[in-house]
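Since the structure comes first, as structure tokens, the remarks are kept for the end.
We did not get these values from a lab; they are worked out from the coordinates using the rules stated. This structure is a prediction, so every number in the text was calculated from the model and none was measured. Methodologically, a virtual Cβ is constructed for each residue, glycine included, from the backbone with ideal geometry; neighbour enumeration extends over all protein chains shown.
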Amino acid sequence: MTSRPKPIRPPHRRPWSGLSSSSEDEAAEAGILGVPFDSASSFHKGAAEAPAHIRALTPHVAPTTEEGLSLTDLRVRDYDDVRVDLNWERYFAAVEDRAAEVIKRHPLAIFLGGDHSVTIPLVAAFSRVVKGRFGVLHFDAHPDLEDEFEGHRWSHACTERRVLELPNVDSRHLVLVGIRSWTAAEHAYLTEHSEIPVHTAREVYRRGIEAVAQDVVDRLRDIDAVYLTLDIDGLDPAFAPGTGTPEAGGVSTRELLELLRILFARLPVRAMDIVEVSPPLDCNNVTAAAATKVIYESFGWIKQKLRGVESGEWRMEGAMRQCH
Ligand SMILES: [Mn+2]
């Protein structure tokens, strides 16, 4: 009997560009978990399709950063998705448990939403694992600070109110960036809680992303760990049209990458989620490609960090000097 040889695909034609070699790799630098849930979305849905869709793009992505840093020696472990359960409480409990394992095992945990409600169990998991004080960077067009929305405290408009209820988050360490739409209740809450730093999209435009990033670094400087929650609608709809609640006047993908580059170099970033990418609302994968770019750059930043923070910092400063 003759057996037909299996076609051999080049490494970057495999999921995660071939960086995810073993599903059992506990020593991987980055662990990835999908949370395909969008039932808490208040407007257009579709974010549940994002984890599978982003994965499907990755065989076509070259395993390098934008500055040519090779990622081929980086190890990534993909934990697949937390399969959706129609019992919302049981589902979020499962997400929290699975996420806690990923955060415990890997220097960087990357979570793919889902709508922004999934951040509630993800940050709860972070709180459980990290134990010490931690900071949260909330990149979003909206503050997500409603106490209850559309009859539920787990709406995607309530994410950061639930985060503030965790024992090891101080409201001074929840930093909002990209904001440009508020409900009356959110505005009242933020007026009452002036200790919560808010950097609007307009402030980013007027002061520049580096000045804003430095303020975020100063605010979170003495913190033990940082969680980044990235709502893709923080980007301008020109850069991220495929999302349920687009809001004009946002920051660019370039500015987001510069912000994250600075935060990764100077703060103990341990976990990141990317939420509200909605493939059925997207146009030529523009939004999913922005999310994928952020993930691959974060692979590069964590690689630089694990090989020594100094070199990461130096590379960043060097790159900045070249630009000026
Ligand atoms: Mn949000």
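Exposure proxy for SER194, SER278, SER17: other Cβ atoms within 10 Å of each Cβ, ordered fewest to most, give SER194, SER17, SER278. Of the residues SER42, SER117, SER155, the one that moves most in a GNM of the chain with alpha-carbon contacts below 10 Å is SER42. For the stretch 117-124, 3J(HN,Hα) computed residue by residue from phi via the Karplus equation (6.51, -1.76, 1.60; θ = phi - 60°) reads 5, 5, 5, 4, x, 5, 6, 4 Hz, glycine and proline entered as x. Mean sequence separation of contacting Cα pairs (under 8 Å, at least six apart), scaled by the length of the chain, corresponds to a relative contact order of 21 percent. Distance between the modelled labels on ARG254 and ASP170, one decimal in nanometres: 3.7 nm (7 Å Cα→Cβ projection). Placing pseudo-labels 7 Å out from each Cα toward the beta carbon at ASP215 and ASN284 gives an inter-label distance of 3.4 nm. Restricting attention to the chain, close to 5% of DSSP beta bridges with both partner residues there are antiparallel.
Compute the signed sum of charges (Lys and Arg +1, Asp and Glu -1) over the other residues within less than 11 Å, Cβ to Cβ, of GLY250. The partial results should precede the final answer.
On the way: positive: ARG180, ARG202; negative: ASP140, ASP231, ASP233, ASP236, GLU247, GLU255.
Here the charged neighbours net out to -4.
Each part gets one Cα centre, and for the stretch 29-90 versus the stretch 242-278 those centres are 15 Å apart.
Taking GluC sites (Glu not before Pro) as candidate sites, keep only those in a DSSP loop with at most 14 other Cβ atoms within 10 Å, then name the longest stretch of the chain containing none of them. It would help to have the intermediate numbers written out before the result.
On the way: sites that count: GLU24, GLU26, GLU66, GLU67, GLU148, GLU150, GLU165, GLU195.
My reading of the result: 196-324 is the longest stretch.
What fraction, in whole percent, of alpha-carbon pairs in the chain exceed 26 Å separation? When every Cα pair of the chain is considered, 43 percent fall beyond 26 Å.
Determine the sum of side-chain charges near LEU174: Lys and Arg each +1, Asp and Glu each -1, restricted to other residues whose C-beta is under 11 angstrom from that of LEU174.
Values: positive: ARG161, ARG172, ARG219; negative: ASP144, GLU160, ASP170, GLU195.
Around LEU174, the charge tally is -1.
Once the Kirkwood radius over Cα pairs is known for the stretch 166-313, the Stokes-Einstein relation at 4 °C and 1.567 mPa s delivers a diffusion coefficient of 80 µm²/s.
Sparse packing (at most 14 other Cβ atoms within 10 Å of the Cβ) combined with a DSSP loop state is found for the following trypsin sites (Lys or Arg not before Pro) in the stretch 167-249: ARG221. Projected label points at ALA184 and ARG90, each 7 Å from Cα along the beta carbon direction, are separated by 4.0 nanometres.
So for the stretch 50-170, what are the equivalent ellipsoid semi-axes in whole Å, largest first, each being the square root of 5 times an eigenvalue of the Cα gyration tensor? Please list the in-between numbers first.
Numbers: eigenvalues 149, 59, 49 Å².
Computed over the stretch 50-170, the values are 27, 17, 16 Å.
Which lysines have a Cα less than 19 Å from the Cα of LYS293, not counting those fewer than 8 places away in the same chain? Excluding near neighbours in sequence, the set is LYS303, LYS305.
What are the trypsin sites (Lys or Arg not before Pro) within the stretch 232-314 that DSSP puts in a loop, where the Cβ has at most 12 other Cβ atoms within 10 Å?
Qualifying residues, ordered by number: ARG307.
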